[in-house]
Amino acid sequence: MNILLGISGSIASFKSYDVARQLVKNGHSVKVILTAGALEFIKPETFRYLGIEAVYLPTDDFVPGNLAKTSTVLHIELVKWADKLIIAPASANTISRLAMGITNDLLSSVYLAYGSKPVLMFPAMNTQMWQNTRIQDHIKNLQALPQIGIINPVAGLLACGDIGSGKFPEVSAVVDLIETFDPTLPKKEKVVITAGATASPLDPVRYITNPSSGAMGMSVAKAFLMSGYEVTVLAGHQCTPAIDNLLGHPNFKLLKTPTTELMKQAAVKVFPESDLYISTGAIADIEFDTATIKLKKEAMGTSLPFRQAADILKEILSIRKKQKIVSFAAETETTKEVFQEKMNRKPVDLMIGNKVANGLIGSPEVQGFQKAEGEYFFVGPETIKGPLKLSKLELGKKLVAWFEGKITW
């Protein structure tokens, strides 16, 4: 993606170095426009070492060499080049100028000429400035435009020492939202995704779980958000903290469901209104009679009585109507017989199989869990294909294509 990153005058502008660098690492082409205010905080030269294609100053539109008869108009060329315009941070001054259509520098000229292409703004300022009625009026006017997405600042300790709203989000959250939020996309169907590992508590101190990190669930969620779907994630006890990065996305909901029972209750509640259910979560399948105080070793004996926990997928299958369902089969044996037996017990529209190991028994190598990529089998009602080596985000994008009927398995 070609990303035009506009940086305005805010103490948060120093974070734009990391935003730009991470976008480049993720494979995007990035060009930077600085306002006069930004130049009070950061140096344009620094971006040259971060893989940025070009850095432009506020008055570069008016450089004599750029005004020759044969030269192009810079702000128009940048508009044509960019797939998405990002203003991060967006200061009170820049927000006000853009809302009123004032074009007195390169960034504002680009914005005014940007037409219906997607624009994301990340305001950052003191709480009193953010809550000022004039700024809020400008925010409302900008948000009324269908191509504009404004990510509200977060609450926290501000540069001035105050605690309140107005803080620039974490860099990883900014990058995730840049990659997944396109305000010009129409809303599509609703998708429910389970993510991470649930826990089976034994007492207030101990519990049993597994190594699942929730990275698969987050990657699948990102893939569907990129395509305009409304996504609800049911996050287990052990789920990557990065899932919180998506909370600023208007099409994203996050429900914390640490135990299997809580995840089941949430799934049964949200599933009827969904169009697609994807079970990436590593759900604990046993549970205990939970003690209210820590069990002493002497009182536990040599065995722990347990029972089967709720089978969430089985419950979902029993109440499905028109929805499509995708399950994940994490197995130590990835044979046709294993996958077919599981498909026969819980017939879904598509099952994704992969090999897993926690690295604590036998080979010390961890497989499947906490890996950026893996080898996956695609199991349909009558066919099994694979293994196919993919990153988790690539797998998520294939699920989007499958749901939209662009590929079959």
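The values are calculated or read from the model by the stated rules, or taken from the named source; none is laboratory data. Model, not experiment: these values are computed from the prediction. Here the Cβ is made from the backbone with ideal geometry for all residues, glycine too, and neighbour counts use every protein chain on show.
Kindly indicate the residue of region 206-246 that is polar (S, T, N, Q) and assigned to a strand (DSSP E or B) and also nearest to A401 (Cα to Cα) among those meeting that condition. Ranking the qualifying residues of region 206-246, first place goes to T232.
Only one of the listed residues (S116, S108) is in contact with a Pro (Cβ under 8 Å, 6 or more places away or on another chain), hydroxyl-bearing (S, T, Y) and assigned by TED's automatic domain parsing to the domain that holds K43. That residue is S116.
The residues of region 317-333 that are more than 20 Å from G396 (Cβ to Cβ), touching a strand residue (DSSP E or B) at 6+ places or on another chain (Cβ under 9 Å) and surrounded by 11 or more Cβ atoms within 10 Å (Cβ to Cβ), listed by number, are L317, R320, E331, T332.
Let's see how each residue does on (1) more than 13 Å from L350 (Cα to Cα); (2) in contact (Cβ under 8 Å) with a residue 12 or more places away in the chain:
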position: V379; (1), (2): no, yes
position: L388; (1), (2): yes, yes
position: L393; (1), (2): yes, yes
position: K398; (1), (2): no, no
position: F403; (1), (2): no, yes
position: W409; (1), (2): no, yes
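If you filter region 378-401 down to residues that are in contact with a helix residue (DSSP H, G or I) (Cβ under 8 Å, 6 or more places away or on another chain) and assigned to a strand (DSSP E or B), you find that the one that is surrounded by the most Cβ atoms within 10 Å (Cβ to Cβ) is V379.
Of the helices (runs of 4 or more DSSP H) lying entirely inside region 110-192, those carrying at least 3 residues that are farther than 20 Å from L247 by Cα are 127-131, 133-143. For L106, the conditions (1) touching an Asp or Glu at 6+ places or on another chain (Cβ under 8 Å); (2) surrounded by fewer than 18 Cβ atoms within 10 Å (Cβ to Cβ) all hold with the exception of (2). Picking from residues in region 193-205 that are touching a Gly at 6+ places or on another chain (Cβ under 7 Å) and part of a loop (DSSP other than H, G, I, E, B), the one that is nearest to V220 (Cα to Cα) is G196.
Identify all residues within region 16-45 that are surrounded by 15 or more Cβ atoms within 10 Å (Cβ to Cβ) and in a helix (DSSP H, G or I); write none if there are none. Once the filter is applied, which keeps residues that are surrounded by 15 or more Cβ atoms within 10 Å (Cβ to Cβ) and in a helix (DSSP H, G or I), region 16-45 yields S16, Y17, D18, V19, A20, R21, Q22, L23, V24, A38, L39, P44. The single condition from (1) crowded, with 19+ Cβ neighbours inside 10 Å; (2) in contact with a Phe, Trp or Tyr (Cβ under 8 Å, 6 or more places away or on another chain) that K188 fails is (1). Listed by first and then second residue, the pairs with beta-carbon distance under 7 Å, at least 6 apart or on different chains, first residue in region 165-184 and farther than 19 Å from E394 by Cα and assigned by TED's automatic domain parsing to the domain that holds F122, second of a type in the set (F, W, Y) and part of a helix (DSSP H, G or I), are S165/W130; G166/W130. Of all residues in region 120-160, those being modelled with pLDDT of 95 or more and small (G, A, S) number 3.
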